[in-house]
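Single-structure report; data block below.
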Amino acid sequence: MASYDSMPRLWVRALLGAALAGAVTALVASGDTPENPLPVEKTLVAVVDMGRVLAGCKEWQDAVQERARMLDTAHRTLDKLVRKDQVLRNEYENLAPGTDERQKKADELQAALQEYDQSRQQLDEEAARQHEAAVRSLFAKLNRVVAEYAKEHDIRVVLKKQGFDLSEPQSVEQSLQIATTEVLYADPALDISGPVLERLNAEYTGPIEVK
């Protein structure tokens, strides 16, 4: 029986894929970006540090908390079904072969296993839908805010800048970041993440309603 613990890794991979697909996305690990970039009236190029945006965006952090609640509920639901399956399996194995009682218990066990599979699939789909909705909402607003800011400051191009910490254990996610790095260096003065994040948070009215 597959474990629901694989969902966090799927979430990370999905997040990376969505971040790479955004027009102005990045995962920046460095902390040398100034809070207030230099005047950009004559700047043709700017960069957005998605690491700062994800960490500081109130809407995104509320979405992360909502997903954590969903995962906790999913774990508890599936754990309960696993215990139910184990009880039925033990009862089935303790019955004499060839008896009507054993066949009846086998049918109950099969139904319980199907219930587990259906519940797990449903929970997977719900988590995927929540994640997709959160990603689409964030990047739709991010793209609009960046475009508005760029037009106001006569910026012609906004690039994503990815960063990664090579001191961390090697992972599929890190390899993906390395393989897709596009900007090897950008002057910190070109980073407009601060004002972009301020605008995103200014538009957010409150946390996601807990259902």
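The values are calculated or read from the model by the stated rules, or taken from the named source; none is laboratory data. Note that the structure is predicted; figures quoted are calculated from it, not measured. Don't worry about glycine lacking a Cβ; one is built from the backbone with ideal geometry, like all the others, and counts go over all protein chains shown.
Key figures
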{"read-out": "Any hit, the range 37-56, residues being in a helix (DSSP H, G or I) and at pLDDT 90 or above", "value": "yes"}
{"read-out": "Check on Gly98, under 23 Å from Val183 (Cα atoms), out of contact with any Asp or Glu (no Cβ under 8 Å at 6 or more places or on another chain) and either at pLDDT below 95 or buried (at least 16 other Cβ atoms within 10 Å of the Cβ) (or both)", "value": "no"}
{"read-out": "The range 197-211: number of residues that are of a type in the set (Val, Ile, Thr) and either modelled with pLDDT under 85 or in contact with a Leu (Cβ under 7 Å, 6 or more places away or on another chain) (or both)", "value": "2"}
{"read-out": "Close pairs from the range 91-120: first closer than 19 Å to Asp79 by Cβ, partner small (Gly, Ala, Ser) and not in a helix (DSSP H, G or I), Cβ under 9 Å, at least 6 apart", "value": "Asp117/Ala2; Arg120/Ala2"}
{"read-out": "Residues that are under 13 Å from Val48 (Cβ atoms) and in contact with a Phe, Trp or Tyr (Cβ under 7 Å, 6 or more places away or on another chain), drawn from the range 121-166", "value": "Leu138"}
{"read-out": "Residues (hydroxyl-bearing (Ser, Thr, Tyr) and within 18 Å of the chain's Cα centre (by Cα)) located in the range 130-189", "value": "Ser137, Ser171, Ser175"}
{"read-out": "Whichever residue in the range 164-196 is touching a helix residue (DSSP H, G or I) at 6+ places or on another chain (Cβ under 7 Å) and modelled with pLDDT of 85 or more and, among such residues, is surrounded by the fewest Cβ atoms within 10 Å (Cβ to Cβ)", "value": "Pro195"}
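Let's see how each residue does on (1) surrounded by 13 or more Cβ atoms within 10 Å (Cβ to Cβ); (2) assigned to a helix (DSSP H, G or I):
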residue	(1), (2)
Leu78	yes, yes
Asn90	no, yes
Arg120	yes, yes
Ala128	yes, yes
His131	yes, yes
Leu159	yes, no
Gln162	yes, no
